[in-house]
Amino acid sequence: MPTVLIPLLLAFDQILKLWALENLSPVPRPLLGDLLYLTLVRNTGAGFGLFEGRAFLLGWVSLGVGAFLLYLLGFRRYPLGFILGLSLVAAGALGNGIDRLGRGWVVDYLDLGTPIPLIAQFPVFNLADVCVTLGALFLLFAPKAKKRFF
């Protein structure tokens with residue numbers, strides 16, 4: 001499963017980012033009423049404005065994490081939920097790593113437009129970020145691997 005899921009998510013992530021670069025602007029465009037907007041943001045750091053201007057370093061870290069997770073997926077058998085979690089995180093890390101090293105910044109385009117206080121200031125994000133977040137949730141709730149990673 002991860003051998004199919006990771007390249008599919010990675011390709012879809014890059015296609016959406018190319019589409020966003022061609023069709024979006026920094027001016028928010030409503031997608032789902034006031035809940036979700038499409039807004040082009042060139043993110044030179046990590047989430048929530050961390051490590052601003054350090055895309056090169058973050059790119060290598062992202063690719064390293066993605067490669068390490070691919071390595072883990074390749075040599076052991078894990079429960080399905082654990083495999084799905086590792087695959088999602090790997091696809092997201094690789095997708096944003098490609099952006100950081102290839103462009104010098106990450107293409108973000110999904111913008112939560114809700115007035116709910118904690119969510120109203122949420123940073124603009126992309127499919128790769130969604131993959132990392134969902135993957136982390138799968139890893140939290142999936143049955144744990146019976147053997148150690150190494």
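The values are calculated or read from the model by the stated rules, or taken from the named source; none is laboratory data. Note that the structure is predicted; figures quoted are calculated from it, not measured. Backbone-built Cβ (ideal geometry, glycine too); neighbour counts: all protein chains shown.
Structural remarks
- Picking from residues in region 98-118 that are small (Gly, Ala, Ser) and over 14 Å from GLY33 (Cβ atoms), the one that is surrounded by the most Cβ atoms within 10 Å (Cβ to Cβ) is GLY104.
- Enumeration of residues in region 119-131 that are surrounded by 13 or more Cβ atoms within 10 Å (Cβ to Cβ) and either in contact with a helix residue (DSSP H, G or I) (Cβ under 6 Å, 6 or more places away or on another chain) or farther than 18 Å from ASN43 by Cβ (or both): PRO123, LEU127, ALA128, CYS131
- Among the residues making up region 6-31, those that are part of a helix (DSSP H, G or I) and surrounded by fewer than 17 Cβ atoms within 10 Å (Cβ to Cβ) are PRO7, LEU8, ALA11, PHE12, ILE15, LEU18, TRP19, LEU21, GLU22, ASN23.
- Conditions (1) assigned to a loop (DSSP other than H, G, I, E, B); (2) out of contact with any helix residue (DSSP H, G or I) (no Cβ under 8 Å at 6 or more places or on another chain); (3) closer than 17 Å to PHE122 by Cβ; number of the one not met by GLY45: (2)
- For region 80-99, filtering for residues that are of a type outside the set (A, V, I, L, M) and under 12 Å from the mean Cα position of the chain (by Cα) leaves 6.
- Looking only at residues in region 68-78 that are of a type in the set (A, V, I, L, M, F, W, C) and free of Cβ contacts under 8 Å to residues at least 12 places away in the same chain, the one that is surrounded by the most Cβ atoms within 10 Å (Cβ to Cβ) is PHE68.
- Near pairs, Cβ below 9 angstrom, 6+ apart or cross-chain, from region 12-31 (more than 11 Å from ASP111 (Cα to Cα)) to any residue that is assigned to a loop (DSSP other than H, G, I, E, B): ASP13/ASN126; LEU16/ASN126; LYS17/ASN126; ALA20/ASN126
- Any hit, region 53-70, residues being under 12 Å from the mean Cα position of the chain (by Cα), within 15 Å of ASP13 (Cβ to Cβ), at pLDDT 95 or above and among the polar types (S, T, N, Q): no
- Hits in region 63-107 - residues which are among the hydroxyl-bearing types (Ser, Thr, Tyr) and outside any helix (DSSP H, G or I): TYR78
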